[in-house]
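Shown next, in structure tokens, is the structure this report addresses.
Taken together, the values in this text are just the output of simple stated rules run on the coordinates, not laboratory data. Here the structure is a predicted model, which means the values were calculated and not measured. Cβ: placed from backbone, ideal geometry, glycine included. Neighbour counts: every protein chain shown.
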Amino acid sequence: MKPTIVKILNIEEEAENVLTFTLDYPALNSRPGQFVMLWLPGVDMKPFSIASDDGKELKLSIFKVKKFTTALFEAKIGDKVGVTGPFGNPYSWKQGAHVLAVGGGYGSAPLAYLINEAKKDDCTFDLFIGARRKNLLLYSNKFPEEFTHIATDDGSEGHTGYVTEILEEKIKKLSSKDKKRAVVYVCGPELMEVAAAKVSQKYNIPSQISVERFMKCGFGVCGQCCIDDTGEPMCIQGPVLSGEHALSLPEFGKYHRTKAGAVEKY
């Protein structure tokens, strides 16, 4: 697919090594949980989850990690990049649902998009954010404090421990009525996703998990993101899967494959 060339309108620091890029992209028509391929001429093209899409501007919250993102972090307002998409299976919800959104690392960004869209359908929400330490927390101040629950490994902010622990505590406190309309949505490190899916399963609450795999094309041609043993391409049938289905996959929470196809264990 030919990328659409768009201008960078704004760059905002969100957390340590995380910037949000606002792009001039009207009418992308994405849904929460989907992703786009971002192209930097002369560098590469990489997939990124969508943090916001209001029909006028597209926002991507990006963690600086390797060559591509290092080059992107050198971009300035007014520079141009290429975008293709949106791709992938999105999150879904019903009118009036109670959204329990669980984000680890930079996984909070697509969940913020989910919450903002679900609120339009009279959904209520709780956002659970986990990180190793306070300065790595992403989107911890985007929503009212009473609906934002934080956990850090070192105890520098919020609960000391895993974000799935505060998820379980919240589920225990839900009324029977709220439990019936609750759905757990998860995005972040895969071992955290496994734990969140199991907590959901324990309390008979459905869950939707964003399963990240190395994606080269975004539309099922290259086969790079296919899951063992089903062969499902995560760029099409994912990245959002039901928690039940994700837990049934032999590789989920155990290993993934590098861009060369080699198995890399968690």
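Electrostatic bookkeeping for I8 treats Lys and Arg as +1 and Asp and Glu as -1; over the other residues with beta carbon under 13 Å from its beta carbon, the sum is -1. Basic side chains Lys and Arg get +1 at the Cβ, acidic Asp and Glu get -1 at the Cβ, and with that the dipole of the chain about its Cα centre reaches some 340 debye.
Among the trypsin sites (Lys or Arg not before Pro) found in the stretch 2-89, those both in a DSSP coil and sparsely packed, with 10 or fewer other Cβ atoms within 10 Å of their Cβ, are K66, K76. Taking each of K142/K180; K134/K170; K134/K216; K56/K120; K170/K198; K59/K198 in turn, the alpha-carbon distance tops 25 angstrom for K142/K180; K134/K216; K59/K198. Dipole magnitude for the stretch 1-127: about 420 debye, using +1 per Lys or Arg Cβ and -1 per Asp or Glu Cβ, origin at the Cα centre.
This model, with +1 at the C-beta of Lys and Arg and -1 at the C-beta of Asp and Glu, gives the stretch 112-266 a dipole about its Cα centre of some 80 debye. Between N29 and N204, the distance separating the two model label sites (each 7 Å from Cα on the Cα→Cβ line) works out to 4.0 nm. Farthest toward the positive end of the dipole of the chain, out of V263, G103, L19, is the Cα of V263, where the dipole comes from beta carbon charges about the Cα centre.
At the listed q of 0.13, 0.15, 0.23 Å⁻¹, the Debye profile of the stretch 4-87, built from one uniform point per Cα, gives log10 I(q)/I(0) equal to -0.34, -0.46, -1.18. Comparing A196, A101, A15 in a Gaussian network model of the chain (Cα springs below 10 Å), the most mobile by mean-square fluctuation is A15. Among DSSP bridges having both ends in the stretch 98-265, what percentage is antiparallel? Round to the nearest 5. Approximately 25 percent, going by the DSSP bridge assignments.
Calculated mean residue ellipticity at 222 nm for the chain: -5500 deg cm²/dmol, from DSSP H runs with n ≥ 4 weighted as -39500 (n - 2.57), summed, divided by the residue count and rounded to 500. Just flag the GluC sites (Glu not before Pro) in the stretch 1-67 sitting in loop per DSSP whose Cβ has no more than 15 other Cβ atoms within 10 Å. Those satisfying the criteria are E16.
Using the Cβ of A97 as centre and a radius below 11 Å, the other residues enclosed give a net charge of +1, where K and R count +1 and D and E count -1. Springs between Cα atoms under 10 Å define the GNM used for the chain, and in it the highest mean-square fluctuation of A118, A27, A131 occurs at A27.
Between amide H atoms placed 1.01 Å from N, distances below 5 Å from F128 occur with A101, V102, G103, H149, all of them 5 or more places distant or on a separate chain.
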